[in-house]
Amino acid sequence: QVQLVESGGGLVQPGGSLRLSCAASGSGFSFNDMGWHRQAPGKQRELVAIITSGGSTGYADSVKGRFTISRDNAKNTVYLQMNSLKAEDTAVYYCRAIRGPRGYWGQGTQVTVSS
């Protein structure tokens, strides 16, 4: 079984930074695409950033230039560096990982941007 655990969320002021981490349980697993999604109350879950096994990345227009996704395949971990945070970035952030035909979700971590 695969388990994804997010960490690094919290409360930050506008303009601040946070780094989210998502680690797969155990070791020796290999994933294809990995990504971060977010969902605010009353809103649909949206894709924020993705990264392929080869390191190619993609971002939602709303976060381009502010967020950076990266991964450490040896640690089965994906990161999301979030800079210049805005109030509209407030949401629960979910890790997503794909291995072969199966996809997995993390439990989510709350990010709140407020003064």
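Numbers for the structure displayed
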| item | result |
| --- | --- |
| Condition check for residue 57: open to solvent by 60 Å² or more (accessible area, probe 1.4 Å) and under 14 Å from the mean Cα position of the chain (by Cα) | yes |
| Residue in the range 43-52 that is more than 12 Å from the chain's Cα centre (by Cα) and open to solvent by less than 70 Å² (accessible area, probe 1.4 Å) present | yes |
| Some residue of the range 73-90 being more than 15 Å from the chain's Cα centre (by Cα), surrounded by fewer than 14 Cβ atoms within 10 Å (Cβ to Cβ) and free of Cβ contacts under 8 Å to residues at least 24 places away in the same chain | yes |
| Unmet requirement for residue 69, which otherwise passes all of (1) more than 11 Å from the chain's Cα centre (by Cα); (2) open to solvent by less than 20 Å² (accessible area, probe 1.4 Å) | (1) |
| Inter-residue pairs, beta-carbon under 7 Å, first over 20 Å from residue 76 (Cβ atoms) and in the range 44-65, second in a loop (DSSP other than H, G, I, E, B), 6+ apart | 46/60; 47/60 |
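Residues are listed down the side, and each one gets a yes or a no for (1) hydrophobic (A, V, I, L, M, F, W, C); (2) over 21 Å from residue 44 (Cα atoms):
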position: 59; (1), (2): no, no
position: 83; (1), (2): no, yes
position: 87; (1), (2): yes, no
position: 113; (1), (2): yes, no
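The values are calculated or read from the model by the stated rules, or taken from the named source; none is laboratory data. A quick note: this is a predicted structure, and the numbers were derived from the prediction, not measured. Cβ: placed from backbone, ideal geometry, glycine included. Neighbour counts: every protein chain shown. In case anyone asks, the SASA skips ligands and DNA or RNA and just uses the protein heavy atoms, side chains included. Shrake-Rupley method; radii C 1.70, N 1.55, O 1.52, S 1.80 Å.
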